[in-house]
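Working notes, structure below.
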Amino acid sequence: MPHQSQVAYDVVELDLSDAPPVPYARITLDNPGRRNALSYAVLDQLQAALDRAAGDDVHAVVLAANGPAFCSGADLTEALADGMTRSARRLAEVLRALLALPRPVVARVHGPVRAGGIGLVAACDVAISADQITYAFTEARLALAPAVISLAVLPRMTPRAASRTFLTGAPFSAADAAAWGLVTRTVPLDDIDEEVAAVLAGLAAGDPQGLAATKELLNADALARFDAHVEDAVATSAELFGSEPARAAMAKVLKR
């Protein structure tokens with residue numbers, strides 16, 4: 001039976017020794033039994049959590065996950081049964097919300113990330129990754145394409161790296177992800193919380209208005225490109241997921 005809680009939202013205080021505690025929101029993907037797959041329910045709850053963070057009096061947001069994996073990408077069982085029209089649209093909304101949120105978002109990436117999960121990482125402002133994990137854009141191997149997540153990924157990654165990883169679907173290391181611009185820094189897993197805390201401490205020195213205005217400046221081009229291409233990306237994703245080659249490939253994966 002699937003884990004009942006899918007996305008948790010908590011407000012945590014970062015205790016700085018020479019200053020008052022700084023509140024930040026922690027959003028946690030919490031369906032480890034499904035490797036935090038992005039079902040419509042998970043995406044819906046994630047959108048609600050981001051909406052809440054935008055209204056709460058918090059300085060920043062940490063996006064984390066429970067279980068051995070950070071995120072395995074789309075929920076293939078749901079996609080095979082119901083298609084991806086609704087979920088592709090909701091994923092696009094979540095990625096845009098991450099880019100446009102008037103709070104810095106820090107990804108705490110402790111475990112492997114695949115496909116749609118990489119879109120979440122790319123949409124965050126800072127991404128701290130455990131150094132022993134792998135990433136992979138597996139879509140092409142399933143007769144799909146990383147259409148929606150490309151809106152967040154392509155502004156981060158170098159073009160050559162995107163071509164290689166999108167087309168081959170092969171896993172790549174956290175070190176490669178950092179070298180190619182997908183993540184900010186890699187650290188040993190035991191040090192990941194310390195590194196995230198250091199990033200949050202740096203953000204705590206910023207004024208909320210300054211942070212929001214600076215994030216808007218940083219993401220202006222990405223959001224303009226996002227809005228120009230999102231309808232085509234959503235349509236492409238839904239069409240590919242509904243195709244016979246993709247349905248056959250997904251069914252084969254689910255039988256393993």
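Tabulated data for the structure shown
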item: Count of the range 243-256 residues which are outside any helix (DSSP H, G or I) and farther than 14 Å from Glu139 by Cβ; result: 1
item: Condition met for Leu16 (in contact (Cβ under 8 Å) with a residue 40 or more places away in the chain, touching a strand residue (DSSP E or B) at 6+ places or on another chain (Cβ under 9 Å) and not in a loop (DSSP other than H, G, I, E, B)); result: no
item: Selection count, the range 48-79, where residues are out of contact with any Phe, Trp or Tyr (no Cβ under 7 Å at 6 or more places or on another chain) and either surrounded by 17 or more Cβ atoms within 10 Å (Cβ to Cβ) or of a type in the set (Asp, Glu) (or both); result: 18
item: Output for the range 157-182, where each listed residue is within 24 Å of Ala143 (Cα to Cα) and not in a helix (DSSP H, G or I); result: Met157, Thr158, Gly169, Ala170, Pro171, Phe172, Ser173, Leu182
item: Hey, Ala107 surrounded by 20 or more Cβ atoms within 10 Å (Cβ to Cβ) and under 16 Å from Val196 (Cβ atoms) or not; result: yes
item: Given (1) within 22 Å of His59 (Cβ to Cβ); (2) in contact (Cβ under 8 Å) with a residue 60 or more places away in the chain; (3) of a type outside the set (D, E, K, R), index of the condition Val105 fails; result: (2)
item: Long-range neighbours under 9 Å by Cβ, at least six apart or interchain, first residue over 13 Å from Val105 (Cα atoms) and touching a residue at least 24 places away in the same chain (Cβ under 8 Å) within the range 189-204, second buried (at least 20 other Cβ atoms within 10 Å of the Cβ) and of a type in the set (Lys, Arg); result: Ile192/Arg108; Asp193/Arg108; Glu195/Arg108
item: Qualifying residue in the range 29-39 (condition: under 13 Å from the mean Cα position of the chain (by Cα) and either over 23 Å from Thr184 (Cβ atoms) or surrounded by fewer than 21 Cβ atoms within 10 Å (Cβ to Cβ) (or both)); result: yes
item: Selected residue [free of Cβ contacts under 8 Å to residues at least 60 places away in the same chain and not polar (S, T, N, Q)] from Gly117, Gly181; result: Gly181
item: Long-range neighbours under 9 Å by Cβ, at least six apart or interchain, first residue under 17 Å from Val94 (Cα atoms) and modelled with pLDDT of 95 or more within the range 150-166, second among the charged types (D, E, K, R) and surrounded by 18 or more Cβ atoms within 10 Å (Cβ to Cβ); result: Leu151/Arg96; Ala152/Arg96
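Condition check ((1) closer than 22 Å to Pro208 by Cβ; (2) surrounded by fewer than 24 Cβ atoms within 10 Å (Cβ to Cβ); (3) of a type in the set (A, V, I, L, M, F, W, C)) across all residues:
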residue: Arg86; (1), (2), (3): no, yes, no
residue: Arg89; (1), (2), (3): no, yes, no
residue: Leu101; (1), (2), (3): yes, yes, yes
residue: Val121; (1), (2), (3): no, no, yes
residue: Val126; (1), (2), (3): yes, yes, yes
residue: Ala130; (1), (2), (3): no, yes, yes
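The values are calculated or read from the model by the stated rules, or taken from the named source; none is laboratory data. Just so it is clear, the structure is predicted and the values come from calculations on it, not from any experiment. FYI the Cβ positions are ideal-geometry reconstructions off the backbone, even for glycines, and counts take in every protein chain you see.
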